[in-house]
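The values are calculated or read from the model by the stated rules, or taken from the named source; none is laboratory data. Here the structure is a predicted model, which is why all the values come from computation and not from measurement. So basically every Cβ, Gly included, is an ideal-geometry build from the backbone, and we count neighbours across all protein chains shown. Accessible surface is based on the protein model in full, side chains and every heavy atom, while ligands, DNA and RNA are left aside. Shrake-Rupley method; radii C 1.70, N 1.55, O 1.52, S 1.80 Å.
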Amino acid sequence: MDPARFTRVAETAWRLEPEAGMRVPGIIYADETLLNEMDDKVGERLANVARLPGIVRAAYAMPDAHWGYGFPIGGVAAFDPEEGGVVSAGGVGFDISCGVRALITGVEVARIRLVQKALADDLYTNIPVGLGSTGAISLDRDAMVAMLEGGAGWAVGEGYGRASDLERIEEGGTMRGARADCVSEHARERQRREMGTLGSGNHYLEIQEVREIYDADVAAAFGLRLGEVVISIHCGSRGLGHQIGTEFLRDMAADAAARGFQLPDRELACAPIRSPIGETYLGAMRAATNCAFANRQILTHLVRRVFGHYFPEAPLDLLFDVSHNTCKTEIHPVGGRKRELYVHRKGATRAFGPGHGDLPEAFRVTGQPVLIGGSMGTSSFVLAGTAAGEAASFSSACHGAGRSMSRHQAMRRWRGRALVDELAARGIIIRSPSLRGIAEEAPGAYKESGAVVQAAERAGLARRVARLDPVICIKG
């Protein structure tokens, strides 16, 4: 992307001045190298977001931003219903509440190496993964409603995990305002057999070694110790979330046309927050968020069962579960007063700083854990939210490495078998049902995760706590 279009306002902050109908500026957080590597469509999408009604402060892009439908992936924007603010299906995305949760094992990586292949095989056998994957759970109509409205709380009640897990999940594991009646029968049917599955694409289960600690006090508070392994689970609301996104993008575009509202981009379909279609979407989107919470909770139960066979003493306590691809109602100061805003984060992570009232007591001093996934075979990071992030980006941070090339480009450049062998030579075992999927997710198809995280830290969005390197990766 051409930096000349932007004004550099800080070491890692670039401003796009309002033009051609933009109601607020666009802000990109990146160093110059990351900005140059971004596709021009990131800037175009960001400008389109800045044209939506009721947007406040600015439209933001995180250091991992890349092209996406409607919003750029890595996009953040907040809307005020008192000013005609909108909710956008394109601003949440198809994989609603895709997110990461991390489990603390207390097991040293040397012990993992002794059983690495067998453990990888057992995880791969017992964790359903891949395109269209289904699990052993089949939900009838009543169970589907209970899941959509209960989230991880429903899953724990069904015997999947521990009540203490709920304290370490956003929203306590249950998104308020979820409405199962707003979810179509088609979306429900797509999810009926998909609970407790990873899916495909960039979703994964990884066993990761804590290789570097940047903030010893916060790492200790989070339970992170050098040389021990963490288990990360990255997935979302599967077919249900995708179907909801598909349906409401269509319906919102038709509604906008009926209202005479000219969308800056059809994929940025939106509706007033205080409208029948806006309220219906919010009910369905929140139900999909609960679906993702429940899905990751069931996967946690399955992982504990497999891992416990090898290391029965390992606690596998939940560090945190954080969502991407959401719209959440939050209180933020704007214009000298606190306002209730609808904060869209698409491929971005909530990152509340120390003292925030919505954080679990365990994180009131440290700030919220921010879990940043790397690309396959590369480093992931644990960060902590900062107080400065509130003014910088509505307490939002990046969510991963961010693609630097399309899946088709990656497939033309890499072969899955060669990547598996290359990573095995580095001591990283990959298990996947799809060599094509491995090629699509080649490490070289993504930005360098360390550079993304450093840019986020320099911008004040979050601060680094620890670096995690993969040992075993189960992916779609």
For the chain, what does the helix formula give at 222 nm: sum of -39500 (n - 2.57) over DSSP H segments with n ≥ 4, over the residue count, nearest 500 deg cm²/dmol?
-10000 deg cm²/dmol
Efficiency of FRET between A20 and A136 - r from beta-carbon atoms, R0 56 angstrom, step 0.05:
0.55
Taking only protein heavy atoms into account and a 1.4 Å probe, give the accessible area per residue of the chain in Å².
36 Å²
Just need the relative contact order of region 350-421 here, percent rounded to a whole number, with Cα pairs under 8 Å and 6+ apart.
29 percent
Using only Cα atoms, locate the centre of region 60-134 and the centre of region 395-422, then give the distance between them in Å, rounded to an integer.
14 Å
Region 1-40, relative contact order [Cα under 8 Å, separation at least 6], %
43 percent
What percent do you get for the relative contact order of the chain when only Cα pairs under 8 Å and 6+ apart count?
22 percent
Of L114, I55, I96, which is farthest along the charge dipole of region 1-138 in the positive direction, counting Lys and Arg as +1 and Asp and Glu as -1 at C-beta?
L114
If the label point sits 7 Å along Cα→Cβ of K41, residues of region 260-301 with amide N under 16 Å come out as 265-269
Would you list which lysines come within 20 Å of K338, measuring only between C-alpha atoms, while excluding same-chain residues fewer than 8 positions from it?
K328
Computed from every Cα-Cα pair in region 285-429, P(r) in 5 Å bins starting at 0 and rounded to whole percents is 2, 8, 12, 16, 18, 16, 12, 9, 5, 2, 1, 0
With loop defined by DSSP as not H, G, I, E or B, and exposure as at most 16 other Cβ atoms within 10 Å, which is the longest segment of the chain clear of exposed GluC sites (Glu not before Pro)?
20-312
Carbon plus sulfur, as percent of the 1.4 Å-probe accessible area of the chain, comes to 49 percent
Cα-based Rg (one decimal) and Dmax (whole number) for region 189-307, in Å?
19.8, 59
Give me the orientation-averaged projected area of the Cα convex hull of the chain, in nm², one decimal.
20.1 nm²
Descending semi-axes in whole angstrom, ellipsoid equivalent of region 152-225, from the Cα gyration tensor:
32, 18, 12
Lys, Arg +1 and Asp, Glu -1 on Cβ, resulting dipole of the chain about Cα centre, debye, nearest 20
560 debye
Assigning unit charges at the beta carbon (Lys, Arg +1; Asp, Glu -1) and nothing else, what dipole magnitude in debye, to the nearest 20, does region 332-476 show about its Cα centre?
400 debye
Could you pull the Rg and Dmax for region 368-408, using just the Cα atoms, both in Å?
12.6, 40
21 Å Cα-Cα threshold exceeded, pairs from K447/K475; K41/K475; K117/K475; K41/K346
K41/K475
